[in-house]
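The values are calculated or read from the model by the stated rules, or taken from the named source; none is laboratory data. Fair warning: this is a prediction, and the values are worked out from it, not measured in the lab. Positions of Cβ are generated from backbone atoms using ideal geometry, with glycine treated the same way; all protein chains shown enter the neighbour counts. Heads up: the accessible areas ignore ligands, DNA and RNA and are worked out on the full protein's heavy atoms, side chains in. Shrake-Rupley method; radii C 1.70, N 1.55, O 1.52, S 1.80 Å.
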Amino acid sequence: MSAPTPETDEIADRSRASLEALRTEIAKAVVGQDPAVTGLVVALLCRGHVLLEGVPGVAKTLLVRALASALQVDTKRIQFTPDLMPSDVTGSLVYDARTAAFSFQPGPVFTNLVLADEINRTPPKTQSSLLEAMEERQVTVDGTPRPLPEPFLVAATQNPVEYEGTYPLPEAQLDRFLLKLTVPLPSRADEISVLTRHAGGFDPRDLKAAGVTAVAGPADLEAARAAVAQTSVSAEITGYIVDICRATRESPSLILGVSPRGATALLSTARAWAWLTGRDYVIPDDVKALALPTLRHRIQLRPEAEMEGVTADSVITAILSHVPVPR
């Protein structure tokens, strides 16, 4: 790890200011979802993907569209349905009668921000079409790998209450998501603000009219990623992360604990959060701040624990309160 110079520090500070400005810009369109906005920025910094869980109508789609506008990147929406085919996501070879040859027609996954809407409504075969794209950042069709644009983020949504006709994501695919963010219903004050905006003529389909403009770009994101990579992590913090993850494997409430991939994910998100808050080193509070969204989808409850009202969040919170914090 090379030592930062005054010039690199200045670039990092500018990129941090640009990414912090995203919150203000997105707030012009989305009210009261700061944790979800922060989670999406953290995922972009870590080159990860996000699972957004919330009931219909809490602005999950609007959130991703506003982020794409404020970050000056392209976005596409894929509405997952039971009859969606893998080629509808990745693209396919199409015969061109004029040239008597097959040419590749890219699917909607070839963009910067993919909104995979209601991902659990499509069968596993189509769900799995995203796995290579998420992990390898490429799509292979007819044996030819095709790289995806950079930056690339999949923001998948699912409804936490309506399970009829759905196909729950398998553990292997859940583990590919860096973060699982819950998008709650707004508070009374926030809901009044939403209605006031709509009464004043706000149109969620016209973000430009709402005043959402680009305040950062891919160059800022690249500079920020380079700065995050310089954020130092002490041996004590590394041990703390490992102890938290190992504690999940020993919890009597869980069938499945956090894997080493989950531990590396928590390390990455804690570093990104430390940098966003203005530090070049990670402290235990950074780990605690990102533990729930990074780990909640990587553990599996025992049926008897679920019947007793135990949740993934309550298990992780209890573990955080018991694992010794480094001084």
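When the residues of the stretch 287-314 are narrowed to those that are in contact (Cβ under 8 Å) with a residue 40 or more places away in the chain and among the charged types (D, E, K, R), which ends up surrounded by the fewest Cβ atoms within 10 Å (Cβ to Cβ)?
Within the stretch 287-314, the subset in contact (Cβ under 8 Å) with a residue 40 or more places away in the chain is 287, 290-291, 293-302, 305, 310.
Add one more test, that the residue is among the charged types (D, E, K, R), and what stays is 296, 298, 302.
Values: Arg296: 21, Arg298: 24, Arg302: 15.
That would be Arg302.
Between a first residue in the stretch 221-240 that is free of Cβ contacts under 8 Å to residues at least 60 places away in the same chain and a second residue that is open to solvent by 30 Å² or more (accessible area, probe 1.4 Å), which pairs have beta carbons less than 6 Å apart while being 6 or more apart in sequence or on different chains?
If the second residue must be open to solvent by 30 Å² or more (accessible area, probe 1.4 Å), the pairs left are Thr231/Arg271; Thr231/Asp280.
Show the residue pairs that are 6+ apart or on different chains and have beta-carbon atoms under 7 Å apart, the first residue being within the stretch 200-213 and in contact (Cβ under 8 Å) with a residue 40 or more places away in the chain, the second being open to solvent by 70 Å² or more (accessible area, probe 1.4 Å).
Final answer for the pair search is Leu207/Arg65; Ala210/Lys28; Gly211/Lys28; Val212/Lys28.
If I ask for residues that are open to solvent by 20 Å² or more (accessible area, probe 1.4 Å), in a helix (DSSP H, G or I) and touching a strand residue (DSSP E or B) at 6+ places or on another chain (Cβ under 9 Å), which ones from the stretch 230-252 would you list?
Answer for the stretch 230-252, where residues must be open to solvent by 20 Å² or more (accessible area, probe 1.4 Å), in a helix (DSSP H, G or I) and touching a strand residue (DSSP E or B) at 6+ places or on another chain (Cβ under 9 Å): just Arg249.
May I ask you to list the residues in the stretch 140-183 that are of a type in the set (S, T, N, Q) and over 20 Å from Pro106 (Cβ atoms)?
Our first condition is that a residue be of a type in the set (S, T, N, Q); within the stretch 140-183, this holds for 140, 144, 157-159, 166, 173, 182.
Passing the criteria: Thr157, Gln158, Asn159, Thr166, Gln173, Thr182.
With (1) more than 23 Å from Pro218 (Cβ to Cβ); (2) in contact with a Phe, Trp or Tyr (Cβ under 7 Å, 6 or more places away or on another chain) as the list, and Asn112 as the residue in question, which single condition is left unmet?
Among (1) more than 23 Å from Pro218 (Cβ to Cβ); (2) in contact with a Phe, Trp or Tyr (Cβ under 7 Å, 6 or more places away or on another chain), Asn112 violates only (1).
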